[in-house]
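Every number here is computed from the coordinates shown, using simple stated rules; none is lab data. For clarity, every value in this text was computed on a predicted model and none was experimentally measured. Neighbour counts run over all protein chains shown; Cβ positions are idealised from the backbone, glycine included.
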Amino acid sequence: MRTMLVACLFTFTSGLPVLGQLTITNPDGVPPPSNVRQVSLSTPPSIDAPIPARRPPSQQLRIRVQFLEVDQTTREAIYTGLGTDVLRTSTNLPREKPQDSDSKTLHNFPNQSDAVTRTTALVTQAVISTAEVAGILKMTEASSNSIIADAPNLLLLNDNKVELTDMTQRPFVVNHEKHGDETKPILQHIEEGTRLGILARMEASTISTEEHLEIGCEIVSRRVIDIRTDFVFGLGTKPLRIQIPQLQVTTARAKANLTFGQTLLVDPHVTSTRVFRSETSVPFLGRLPYVGRSFKNVAVTTHDQHLIVLLHPEPGSED
């Protein structure tokens, strides 16, 4: 009888919460009563031990990339809106070209010539908010001489590099060679375009649930800015015409710390020339078949455009 009484009393008291009771709850279940104190099962860190992260960082990261080609007016308006406190521009002077040969003998004298033009490299970067990104896109869309191009989302692993390449090859006749009685041109293909490389590392914050990112960005732009004509002698009775392209390679590198919801803006100070075609017509008359072209005015203009890259990091799936 005493045993049954003790069992009933234990059953009754175990259903009531008491001070200091440890309750393990299921996050997906019904929330516990307000008078039940929930106690964490983690061991509190010692004074000398580092504070552990709230959660391990994600192993994957998505980078949404947008390429903007804006005219000078839109570019100035964008930077005026961001303000001087956000922007940071770095300048790298051209490196000296090392000597190809310091030998005073003919044993290892180089037999190839080259021509290298080096200029100062600049890059402007800024970590901006979602609202600032919306303002930049709105100004770009409002400009008739600016373009927004969305690239495929890039998926990269933590602390690994991924590249996005948009290159085309252009052939140039750079020399001629003799094959028997015939002389054939020698073609050299030069890559033109943009290559974007991104390296990201994610670290969980020790004081919040946000993940902090460190992103390194490398933008390589290859452009043929001039084509000079010259001649090759000694292969026939007449000199043979060749092309000498002047290739400009610009490499801009930027690195910044940010969190999800922020965007990294990178301006490699790369300028290209684009042709724009605009058409105006007299109302109603310009839409008439055949005769409408007489009431239309087509204008072709060229504008210098500046490349701006927007990198939007987004969390990927965790392993």
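Using θ = phi - 60° in the Karplus curve 6.51 cos²θ - 1.76 cosθ + 1.60, the 3J(HN,Hα) couplings for region 60-66 round to 10, 9, 9, 10, 8, 10, 10 Hz; x is entered for Gly and Pro. With a simple spin-label model that places each label point 7 Å from the Cα along the Cα-to-Cβ direction, the separation between Ile147 and Ala134 comes to 2.8 nm.
For region 147-251, the Cα-based Rg and Dmax, in that order, read 22.9, 80 Å.
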